[in-house]
Amino acid sequence: MNAITSKRSWPGDMNEAREISDDKCSKGKTSGSRESSNSRKKSKPNNKNDSDTKACPPRKPLELETDPLILQRRQKQIDYGKNTVGYHNYICHVKIDERTKEHPKTPDKFAKYSRRSWDTLIKLWRKKLHEYDTNARSDGDDDNEDADDSDNKLD
């Protein structure tokens, strides 16, 4: 019977079995090393030439929305967003040539989007516009503080 398959009752027998199995597996490699395993994939060096030869897949042509009901609904949502204090503050404080990717950008109503994607774009645009509502809030808070100060003066 083989030392590996036999019952091992003594610790010495365990070490002998380990040595036999290591001899069979290692074949000149250090025992117990995972890095030297033949089953591991070998990494390829990163060459810039490889990435340059791969062409990017062509983009889909931009599809335009043609349904008048969808365009009307989208315009209504855009008008609703533009009729806010935040939008007014935004256009007053940030000039067109100073705008970056981080600033709110009105979604293109003519681009083809699913209903869910369009609603997400509008939601994100409106949230970004709310960042510019702070001027209106601070002006309103000043009025409330003045009222509180006048109450304290009466005491």
Criterion: in a helix (DSSP H, G or I) and modelled with pLDDT of 95 or more - qualifying residue of Arg116, Arg137: Arg116
Any pair with Cβ under 9 angstrom, 6 or more apart, that starts in the stretch 63-75 at a residue that is modelled with pLDDT under 95 and surrounded by 14 or more Cβ atoms within 10 Å (Cβ to Cβ) and ends at one that is assigned to a helix (DSSP H, G or I) and basic (Lys, Arg): Glu65/Arg74
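The values are calculated or read from the model by the stated rules, or taken from the named source; none is laboratory data. Note that the structure is a prediction, hence the values are computed from the model and not measured. Methodologically, a virtual Cβ is constructed for each residue, glycine included, from the backbone with ideal geometry; neighbour enumeration extends over all protein chains shown.
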